[in-house]
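One structure is given here, and the rest of the page talks about it.
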Amino acid sequence: MTSEEILAGKVLLIDKPLTWSSFQAVNKLKYILKRKYDLPKKFKIGHAGTLDPLATGLLIICTGKFTKKITEIQAQEKEYTGTIFVGATTPSYDLETEIDATFPTEHISDELILETTTQFTGEIDQKPPVFSAIKKDGKRLYEHARAGEEVEIQSRKTTIYEFEITRIALPEIHFRVKCSKGTYIRSLAYDFGLALQSGGHLTALRRTKIGDYSVENGISPEDFEETLS
């Protein structure tokens, strides 16, 4: 890879580590590339679709003229694998916050779980989590949430193309989902718990695909740095 190629445009597939923000991953690659190549101070680099710090997996990073492709890449369908913990909820719908309520699970059978997935296939209404980066009244929702402010969140249409239960080991339910842009898997976990007449939150999430791009072809930021050394 040359500096000319980077500036002309590259699509880099990164396997984002747990606890890293998408912003950190982009900054790490920016630092690596600037140190390795003689690049302008403000060369273009950005990611195509945020991943939460508690999620791992495919983060597509574009450089140079390929940053113009970001909107197009973000619009493609995405695939995730993950784990829903049933019987408890958290305000953030994942492990970022502590459990705030517990619910019975004795009535939950494998048949009920599999049957309930049909409610979440096709076009659905979904409310984003209160702990999300969507802006409301000039502030991000998580800023309102951390300040203890209640905000009215509008539901939005999203599409679940496939919702497969891959393993049931209650209180954990493992799944694979193919969905449209703008789908919140944390909200899916919370809503799924409600539909089971219990509660649920996300305990693991991994993005495996965006369109034809797969995490199988991605590498960690550390391995990326080693390939350039």
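Given the structure, is residue 156 within 16 Å of residue 92 (Cβ to Cβ) and either of a type in the set (S, T, N, Q) or at pLDDT below 95 (or both)? It is false that residue 156 is within 16 Å of residue 92 (Cβ to Cβ) and either of a type in the set (S, T, N, Q) or at pLDDT below 95 (or both). Taking the stretch 66-95 as the range and being farther than 20 Å from residue 175 by Cβ and among the hydroxyl-bearing types (Ser, Thr, Tyr) as the test, the residues that pass are 67, 71.
Please pick out the residue among 69, 127, 65 that is touching a residue at least 40 places away in the same chain (Cβ under 8 Å), under 22 Å from residue 191 (Cα atoms), among the basic types (Lys, Arg) and surrounded by fewer than 17 Cβ atoms within 10 Å (Cβ to Cβ).
Details: 69 fails: under 22 Å from residue 191 (Cα atoms); 65 fails: under 22 Å from residue 191 (Cα atoms).
After applying the criteria, what remains is 127.
Of the residues making up the stretch 38-62, those that are over 22 Å from the mean Cα position of the chain (by Cα) and surrounded by 14 or more Cβ atoms within 10 Å (Cβ to Cβ) are 39, 43, 44. The set of residues from the stretch 30-48 being closer than 17 Å to residue 217 by Cα and either acidic (Asp, Glu) or touching a residue at least 40 places away in the same chain (Cβ under 8 Å) (or both) comprises just one member, 48. Within the stretch 1-37, if we keep just the residues that are of a type in the set (Gly, Ala, Ser) and more than 15 Å from the chain's Cα centre (by Cα), the residue that is surrounded by the fewest Cβ atoms within 10 Å (Cβ to Cβ) turns out to be 8.
Find the helices (runs of 4 or more DSSP H) located wholly in the stretch 1-113 whose residues include 3 or more that are in contact with a Gly (Cβ under 9 Å, 6 or more places away or on another chain) and not charged (D, E, K, R), and list them.
Numbers: elements: 3-8, 22-36, 70-74.
Of the helices (runs of 4 or more DSSP H) lying wholly inside the stretch 1-113, those with at least 3 residues that are in contact with a Gly (Cβ under 9 Å, 6 or more places away or on another chain) and not charged (D, E, K, R) span 3-8, 70-74.
Pairing residues of the stretch 159-188 that are over 19 Å from residue 56 (Cα atoms) with residues that are aromatic (Phe, Trp, Tyr) and surrounded by 21 or more Cβ atoms within 10 Å (Cβ to Cβ), at Cβ distances under 6 Å and at least 6 apart in sequence or on separate chains, gives 165/175; 171/85.
The values are calculated or read from the model by the stated rules, or taken from the named source; none is laboratory data. The shown structure was predicted, so the numbers you read here are calculated from the model rather than taken from an experiment. Neighbour counts run over all protein chains shown; Cβ positions are idealised from the backbone, glycine included.
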